[in-house]
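What follows is a set of notes on a single structure, which appears directly below.
Only the coordinates and a few stated rules stand behind these numbers; no lab work does. All values derive from a computational prediction rather than experimental measurement. Please note: Cβ atoms are built from the backbone with ideal geometry, for glycine as well, and neighbour counts cover all protein chains shown.
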Amino acid sequence: MLDVRGLKKVYNGGARQVEAIRDLTFTLSAGELVCLVGPSGCGKTTLLKCVAGLLTPTSGEVLLQGRPVTGPPPGMAVVFQEYGRSLFPWLRVGENVDLPLRQKGLPKARRRELVTEALAAVGLADAESAYPWQLSGGMQQRVAIARAVAFEPEVLLMDEPFAAVDAQTRADLEDLVRALWHKLGVTILFVTHDIDEAVYLGQRVLILSSSPTVVREELTVDLPDTRDQLHTRGHPRFTALRTHVQEQIQAAKRGLPSPSAAGDGEE
Ligand code: ADP
Ligand code: MG
């Protein structure tokens, strides 16, 4: 579904060059939920912008269903971290969700259906005629998720979407993402700096090194598909996985070779 091959991004700011991403290669199959975890500043947002066609890579390529991404692809939706800036304050909640559907050119009756369904799916059926600034942060982020879901994307990109909400809301939103993913069968690339969140949500976790950024390891999350905050997080396997990811990220910071790059018998 989604292929990222040899992606490199260097920002050119006059005399100062920043190599945000050195070399990233990974693949997402249709319907997968993959988390990408890495320390702040390692280039996660840069990567997502390249995948979303909002930024041109310095080299390498992004393929969506085999076709190179050169601008925002029609089948993709993005949820950003800053919900405050991603919703239009002068539009009501329903109108915010409706806007991309209008741009898609859908007929009015179908748009109505999609908006109602999406807001119900995120538990905001009653908030349709409110303005975003009348809602809490967690509710605003749910509006942003509803907007992405109503759009019926094939691929949903999420960039640290819950970093700015409180812990309880965050747990609820994580479960909401898993529930929507099960229901819609959409392919999700979820970016976070939070190791626990990555292991809790993902079928796989791609561990990024700190800058200059490469994929350090791809980890399969062999936890049961039915996850809940209490039992999954208390599962011995969950603890083992999160410890492993943490070790990898710390080793990356110290510049140690990754397991896959290390020679035979070096463990
Ligand atoms: P993350 O999302 O993982 O925190 P970013 O992708 O935002 O990381 O940033 C990666 C690196 O690229 C950082 O060193 C950051 O300062 C730099 N960077 C990000 N955007 C720009 C830009 N527009 N111009 C120059 N440097 C940038
Ligand atoms: Mg970021």
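Taking Cα atoms, how many degrees apart are the long axis of helix 137-150 and the longest axis of the chain, rounded to 10 and kept between 0 and 90?
Once rounded, one gets 80 degrees.
Based on the alpha carbon coordinates of the chain, what radius of gyration and maximum Cα-Cα distance (Dmax) apply, in Å?
So, for the chain, Rg and Dmax equal 18.9, 63 Å respectively.
Residue separation times 0.36 nm, minus the C-alpha to C-alpha distance between ALA164 and GLU152: what's the value?
1.8 nm
If each of GLU117 and ASP175 carries a label point 7 Å out from its Cα toward its Cβ, how far apart are those two points in nm?
2.4 nm
Place the peptides 132-141, 14-23 in order of packing, highest mean first, counting for every residue the other Cβ atoms within 10 Å and averaging per peptide.
My ranking of the peptides, most packed first, is 132-141, 14-23.
Give me the net charge of THR46's neighbourhood, meaning all other residues with Cβ under 14 Å from the Cβ of THR46; Lys, Arg count +1, Asp, Glu -1.
Local charge sum for THR46: +1.
What residue among THR213, THR27, THR45 has the largest mean-square fluctuation in a Gaussian network model of the chain, using Cα springs under 10 Å?
THR27
Can you give the three extents of the C-alpha atoms in segment 76-187 along their principal axes, from longest to shortest, in whole Å?
Reported extents, whole Å, longest axis first: 39, 31, 21.
What is the ratio of the Cα radius of gyration of segment 149-244 to 2.2 N^0.38 Å, with N the residue count, to two decimals?
Taking the Cα Rg and dividing by 2.2 N^0.38 Å, one obtains 1.09.
Got a sec to turn the phi values of segment 174-184 into Karplus ³J(HN,Hα) couplings, 6.51 cos²θ - 1.76 cosθ + 1.60 with θ = phi - 60°, whole Hz, x for Gly and Pro?
Rounded to whole hertz, the list is 4, 5, 4, 4, 4, 5, 5, 4, 4, 6, 9.
How large are Rg and Dmax for segment 130-197 when calculated on the C-alpha trace, in angstrom?
Taking only Cα atoms of segment 130-197, I get Rg and Dmax of 11.9, 34 Å.
Which value results when the Cα radius of gyration for segment 1-131 is divided by 2.2 N^0.38 Å?
1.27
What number comes out for the charge environment of GLN168, summing +1 per Lys or Arg and -1 per Asp or Glu over other residues with Cβ under 12 Å away?
Within the 12 Å Cβ shell, the charges total -3.
Just how many pairs of Lys in segment 1-126 have C-alpha atoms closer than 13 Å, counting pairs that are eight or more places apart or on different chains?
4
How compact and how long is segment 67-123, expressed as Rg and Dmax of its alpha-carbon atoms in Å?
Answer for segment 67-123, Rg first and Dmax second: 12.9, 36 Å.
Picking from GLN65, GLN229, GLN103, which is most flexible by a Gaussian network model of the chain using Cα springs under 10 Å?
GLN103
From the gyration tensor of the Cα coordinates in segment 1-42, what semi-axes in whole Å does the equivalent ellipsoid have, largest first, with each one equal to sqrt(5λ)?
26, 12, 7
Give me the number: length gained by fully extending HIS182 to ARG67, i.e. 0.36 nm times residue separation minus the C-alpha to C-alpha distance, one decimal in nm.
38.8 nm
Over segment 99-155, what lengths in whole Å, largest first, do the semi-axes of the equivalent ellipsoid take, defined as the square roots of 5 times the eigenvalues of the alpha-carbon gyration tensor?
Gyration-tensor ellipsoid for segment 99-155: 19, 12, 10 Å.
Count the net charge of all other residues whose Cβ sits under 13 Å from the Cβ of SER129, scoring Lys and Arg as +1 and Asp and Glu as -1.
Once positives and negatives cancel, what remains is -3.
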